[in-house]
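Take a look at the structure set out below.
The values are calculated or read from the model by the stated rules, or taken from the named source; none is laboratory data. Quick caveat: nothing in here was measured; it's all calculated off a predicted structure. Glycine gets a Cβ as well: all are built from the backbone with ideal geometry, and neighbour counts include every protein chain shown. The area values use the complete protein model at the heavy-atom level, side chains included, leaving out ligands, DNA and RNA. Shrake-Rupley method; radii C 1.70, N 1.55, O 1.52, S 1.80 Å.
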Amino acid sequence: MKLLVITGLSGSGKSIALHTLEDLGYYCIDNLPVFLLEDLARRLIDGCDPAFERTAVGIDARNAPGSLVDLPGLVNELRARGVECQIVFLDARTD
């Protein structure tokens, strides 16, 4: 299973990136709270549904206070369980 975590600054194009990934065959979820990521991945792994083999989630930097601190550990845990997990951080110029 491949899981992309799309995150970044507000206005950087996270939703556009998710729309593009959806066009490329990914199952996409926008604005997923970090605390739901582990449960989502577990269900996707256990379900073995080919429709979710490539999944992308948008996680906004404005998530609940302190929850983003857990993200690196969650990603490492998912990788240890065999999930190909990558984080894509989008940035935008302020001007």
Residue check, Leu3 against (1) modelled with pLDDT of 90 or more; (2) open to solvent by 80 Å² or more (accessible area, probe 1.4 Å); (3) hydrophobic (A, V, I, L, M, F, W, C), all met but one. Which one?
(2)
Reported set for region 6-32 where residues are open to solvent by less than 40 Å² (accessible area, probe 1.4 Å) and either over 13 Å from the mean Cα position of the chain (by Cα) or on the phi > 0 side of the Ramachandran plot (or both) is Gly8, Ser12, Gly13
For region 45-59, give me each residue that is in contact with a strand residue (DSSP E or B) (Cβ under 6 Å, 6 or more places away or on another chain) and not small (Gly, Ala, Ser).
Phe52, Arg54, Thr55, Val57, Ile59
When region 33-51 is checked residue by residue, the ones that are crowded, with 18+ Cβ neighbours inside 10 Å and either over 14 Å from Gln86 (Cβ atoms) or over 14 Å from the mean Cα position of the chain (by Cα) (or both) are Val34, Leu44
Going through (1) surrounded by 14 or more Cβ atoms within 10 Å (Cβ to Cβ); (2) without any contact (Cβ under 8 Å) to a residue 60 or more places away in the chain; (3) hydrophobic (A, V, I, L, M, F, W, C) one by one, Val83 fails only at (2)
